[in-house]
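Peer 1: Take this structure first; my questions come after.
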Amino acid sequence: MACPPNNDDVGEKTAVLQGDQETLNKEIAKAKENPACLIIVRGSPQGHRFFLTQNDMTVGRDPSADITVNDSNISRKHARLIKAGPMVRIEDLGSSNGTFINDKKLAPGQQQELKKEDMIKMGTTIFKFLPDGEIEILWYGNLGSAAHTDPMTRIYNKGYLVEALEAEFKRAKALHTEFSLLFFDLDHFKKVNDTFGHDAGDYVLKEFSNLVRSNHLRPKDVFARYGGEEFVLLLSNTGAQKAAEMAEKIRASVEAHPFLYEGKRIPVTTSLGVAELTSTIESAQTLLKKADQALYQAKQGGRNRFCVAG
C-alpha cells in the first residue's frame, strides 16, 4: 500500500527548488559581469584566471607581459590577444615553441578567433578560453580559490602568497615600478587563546581577516595568511609612504574594532612592518625578510605600531 503524499514534504521540496533556482539566477547574473578569460588547466597555478580586460594583451614569460606565466618553455613575448567586442583573436608572436589551438599550431603572425572552451597550449602550460559572461568562469574561480585559500580566514594562503610575491617582484623590477609589502601579526595572540579559549582565538583571526579585507584592500592587493597569527599584504604600484599610511589605517581600525565573542570584548591590536622595493634588493625573499625585520622592530618598540624598514 502506497504511503499518502506528505504535503509538508512537497512544500519543503518546492522551497528548496525555488532556492536553488534563485541561487542559479544570481550566479548567472554575476557571471555576466565577468569578461572573457584564460584559465590555466595544466600548469601553475592551476585554476588561475587571467581576465581579458584590455583590447590588446601580450602573453609571455617576461614580467612586463600583460599575462605573465612562469613557464621556462614559454617565450618572453609568446602570443598576443586582440579583443573587439565579444570576439577575441590570438596571434603567435614568433615564439620558440609555438602556440597551439586544440593541438593545431599557429603560424607566426597568424591570427585565429577563439571559441568557447578552445584549448591553448604554450610551452608546457595549457589554457582554456571562456568568452564574456560564461557561468563556468565562476566555477573555475571557486576551483582556483579552493587551492589558494586559507580554510579558516578565507583569504589567500602562504602557497599562493609565495607565487604572487615572486611574480609581483619580477614585474616591479622589470618595469621599474613601486612595490611594497606589509608583514604583520596580532599582538599577544597566545594570551587571547589562554584567556578566552581557542574558539575565541579562531574568531579573532576570522574577524580580523574580514576587517582588513572588507575595509582596506584595493582591487589588485594580495592579502594572505602567512601562518598562525601572521599576515602579509602585497601592495603593487605603492611606495613606502603610501604603504605606511595603509599600515596606520589598518592598525587604528583594528584597535578601534569591537571584537566581541560570547558577549565578551577581546582586546586586539596589531603590529606591522613595512618594506619597499629598492634597487639594492635582489630577491622577493629579501624584501619579505626586511618587512619581517621591521615588524620585529615594531614589536620591540611596544607593539600596536608600525615600523618602516631602514
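FYI, it's all coordinate maths here, none of it is from the lab. For clarity, every value in this text was computed on a predicted model and none was experimentally measured. In this analysis, Cβ positions are derived from the backbone assuming ideal geometry, glycine residues included, and neighbour counts consider all displayed protein chains.
Peer 1: Nothing charged except the Cβ atoms of Lys and Arg (+1) and of Asp and Glu (-1): what's the magnitude of the dipole of the range 252-310 about its Cα centre? Round to the nearest 20 debye.
Peer 2: 240 debye
Peer 1: If each of residue 214 and residue 255 carries a label point 7 Å out from its Cα toward its Cβ, how far apart are those two points in nm?
Peer 2: So the two model labels end up 2.2 nm from each other.
Peer 1: Something else: Quick check on my link table: of 264/299; 249/299; 83/173; 158/264, which ones sit more than 22 Å apart, alpha carbon to alpha carbon?
Peer 2: In this structure, 264/299; 83/173; 158/264 exceed 22 Å between Cα atoms.
Peer 1: Expected output is a single nm value to one decimal: the length gained when fully extending between residue 191 and residue 96, i.e. 0.36 nm times separation in residues minus the C-alpha distance. What is it?
Peer 2: Contour length minus Cα-Cα distance gives 28.5 nm.
Peer 1: Sort 79-85, 159-165 by the packing proxy (mean of other Cβ within 10 Å over each peptide's residues), most packed first.
Peer 2: In decreasing order of mean packing, 79-85, 159-165 become 159-165, 79-85.
Peer 1: Given an 8 Å cut-off on Cα distances and at least 6 residues of separation, report the relative contact order of the range 178-247 as a percent.
Peer 2: Normalised by residue count, the contact order of the range 178-247 is 51 percent.
Peer 1: Quote to one decimal, in nm, the extra length available between residue 116 and residue 221 on full extension: 0.36 nm per residue of separation minus the C-alpha distance between them.
Peer 2: 34.8 nm
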